[in-house]
Each structure stands twice: as C-alpha cells, then as structure tokens.
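Below is one structure, written out as structure tokens, with a few remarks after it.
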Amino acid sequence: MPVRVVLPADPLLGTPVQEVVARLWMRQQTPTGWLYQVGLPAYRNSEDGGVETVEYRVWVRAPEHVRPVDGVDYDQVDTERLEKTPQSTAREVLGERRPSGWVLQKLRDDHPGPDRSVLHTPDCEDAPHGAPLLDLNRALDAAQHPGIRLCVLCGCAQELRPLLKGFDHPGDGGSGAS
C-alpha cells in the first residue's frame with residue numbers, strides 16, 4: 001500500500017520538509033501511539049559497480065511522519081493492536097474514574113443545623129478546593145463522628161455508608177449475613 005512519508009528538514013543542506021511516497025508494510029499500536037513500518041525507495045551500488053534500486057525499511061510514528069494517499073484503503077494492511085487489559089476494558093465501559101480519596105468541608109459556625117462538616121468526593125462541586133485528600137480509613141473515621149454529614153450529591157454517602165453500617169438496608173431487619 002502506498003503511503004506518504006514526511007522527511008525531516010536538513011538545515012545543513014538547506015532542504016525543507018519533504019514528502020515521498022513509500023510502501024506501507026505494517027502498523028503496530030504501542031502504549032504511546034502508532035508505529036508504521038514503511039519501505040522507502042533508495043539506491044545502492046551493486047557488486048558489479050552498477051546502481052540498483054532498493055527499499056530501506058524503517059519504523060516511523062503516525063501521524064507525525066506519515067500521511068495517507070488519497071483514495072487508498074488501508075484496511076488490508078497487517079495491523080497489530082495492543083491487547084485490551086481488564087483495566088482498559090473497564091475504563092471503556094465505565095468511563096474515567098473519579099480522583100481517589102475524600103475531602104472534608106468545614107462549615108461556618110453560623111451554619112444552621114447540627115452539621116459541622118461535610119465529607120465529599122474530590123470532584124464534587126461543593127468540595128473545597130485545595131483541601132487535603134483523606135484515604136479510606138481517615139474518611140471512615142471522620143464519617144463516624146457526630147456532626148459530619150456525607151454528601152449525597154457526589155456519591156460520597158453511597159460509597160461510604162455500606163462500609164460504615166455493613167450492607168444491611170434500613171428497615172429490612174437483617175444482619176447482613178444469610
């Protein structure tokens with residue numbers, strides 16, 4: 001398959017960036033992007049003193065160093081994709097995870113009601129910016145104190161309440177064990 005390869009400028013020779021048509025042999029996905037193995041046309045001296053055409057194969061980064069040729073279908077090119085890990089599959093299905101940890105918002109003394117503080121996830125709109133992150137144990141310790149409320153808007157309450165009270169549902173009378 002033909003592909004355009006972008007050759008770098010050479011300030012010593014005074015040549016600008018150039019594009020040449022080369023042969024695309026293979027594509028390989030890496031954790032940092034795609035590599036394309038291309039065959040660049042070149043010349044070499046033969047044993048009998050003549051000059052012959054050859055192909056110089058090299059791996060280049062896409063899309064920085066290669067461009068498609070209009071009208072060419074690249075579906076038939078050998079392509080090695082990265083194996084999907086369980087983590088990448090979960091991220092694909094669930095989306096990006098929220099930042100780990102929890103933050104404590106101290107309420108002002110003039111705040112009405114018995115709550116003195118609210119525990120939030122770090123990405124909650126109501127979470128204080130720049131507050132230190134609490135790990136799970138510190139968040140659970142804080143959540144057990146009277147006067148600390150768990151935010152229901154950001155999911156903090158849904159995450160921590162089962163860990164505080166087990167997995168019993170209020171009013172079901174169960175002990176959590178079957």
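The values are calculated or read from the model by the stated rules, or taken from the named source; none is laboratory data. The structure displayed is predicted, hence computed values, not measured ones. Neighbour counts run over all protein chains shown; Cβ positions are idealised from the backbone, glycine included. The accessibility values were calculated without ligands, DNA or RNA, using every heavy atom of the protein model including side chains. Shrake-Rupley method; radii C 1.70, N 1.55, O 1.52, S 1.80 Å.
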Which listed residue, of T79, T89, T85, is at pLDDT below 90, within 20 Å of Q29 (Cβ to Cβ) and surrounded by 10 or more Cβ atoms within 10 Å (Cβ to Cβ): T89
Selection status of R138, modelled with pLDDT under 85, open to solvent by 100 Å² or more (accessible area, probe 1.4 Å) and among the charged types (D, E, K, R): no
Filter result for the condition that a residue is among the aromatic types (F, W, Y) and modelled with pLDDT under 95, over W25, W102: W102
Close pairs from the range 15-26: first open to solvent by less than 50 Å² (accessible area, probe 1.4 Å), partner small (G, A, S), Cβ under 9 Å, at least 6 apart: T15/A9; A22/G39; L24/G39
When residues of the range 27-36 are limited to those that are in contact (Cβ under 8 Å) with a residue 40 or more places away in the chain and within 10 Å of E80 (Cα to Cα), the one surrounded by the most Cβ atoms within 10 Å (Cβ to Cβ): R27
Filter result (small (G, A, S) and either over 14 Å from S100 (Cβ atoms) or without any contact (Cβ under 8 Å) to a residue 24 or more places away in the chain (or both)) within the range 132-160: A142, A143, G147, A157
Conditions (1) within 30 Å of A22 (Cβ to Cβ); (2) at pLDDT below 75; number of the one not met by G174: (1)
Tally, over the range 37-76, of residues that are open to solvent by 100 Å² or more (accessible area, probe 1.4 Å), at pLDDT 90 or above and more than 17 Å from V6 (Cβ to Cβ): 8
D115 at pLDDT below 95 and open to solvent by 70 Å² or more (accessible area, probe 1.4 Å): no
Condition met for R149 (within 25 Å of D109 (Cβ to Cβ), surrounded by 12 or more Cβ atoms within 10 Å (Cβ to Cβ) and out of contact with any His (no Cβ under 6 Å at 6 or more places or on another chain)): yes
